[in-house]
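So the structure is just underneath, and the comments pick up after that.
No lab work stands behind these numbers, since they all come straight from the coordinates. Quick caveat, the model's predicted, so the values are computed rather than measured. FYI the Cβ positions are ideal-geometry reconstructions off the backbone, even for glycines, and counts take in every protein chain you see.
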Amino acid sequence: MDKLFELNKKIGLCYQKINYIKLFNSSQEEKDSACRKERDEYIEFVNSDALNFKNIVEEKYNKVLSKIFNKYLICF
């Protein structure tokens, strides 16, 4: 899920850099190509197996375990 949020943030940052007046007056092709790389990365990730239920649960489970292990390893 972290990767999804990261990719979403990249799209937002890309669109923040765009001059909207110039984009509004451009052709449909130019509008479609705006932030194309970022949008393609996002779409590829969403369509991958990374967001299936099993992988999301495993990712969260591993994060919790690593926090627990780090907490107790520091104590020793």
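Dipole size in debye (nearest 20) for the chain around its Cα centre, Lys and Arg Cβ +1, Asp and Glu Cβ -1? Could you put the intermediate results ahead of the total?
Numbers: 14 positive and 12 negative charges, 84 e Å.
For this selection, approximately 400 debye.
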Q: Using θ = phi - 60° and the Karplus relation 6.51 cos²θ - 1.76 cosθ + 1.60, list the HN-Hα couplings for region 19-36 in order, rounded to whole Hz, with x at every Gly or Pro.
A: 7, 5, 5, 5, 5, 4, 8, 8, 6, 5, 4, 5, 5, 5, 7, 4, 6, 4
Q. Helix-derived [θ] at 222 nm for the chain: sum -39500 (n - 2.57) over DSSP H runs of at least 4, divide by residue count, nearest 500?
A. -25000 deg cm²/dmol
Q) Given Cα pairs under 8 Å that are at least 6 residues apart, what percent is the relative contact order of the chain? A) 34
**Q.** Cross-link pairs LYS10/LYS67; LYS9/LYS37; LYS9/LYS67; LYS37/LYS63 - those with Cα-Cα distance over 22 Å
**A.** LYS10/LYS67; LYS9/LYS67; LYS37/LYS63
Q | ³J(HN,Hα), Karplus 6.51/-1.76/1.60, whole Hz, each residue of region 6-13, x for Gly, Pro | A | 4, 5, 4, 5, 4, 5, x, 5
(Q) Counting other beta carbons within 10 Å of each residue's own, what order do ILE11, ILE43 fall into, fewest first? (A) ILE43, ILE11
Q) Label SER33 and LEU4 with points 7 Å out from Cα along Cα→Cβ: what is the distance between them in nm? A) 3.2
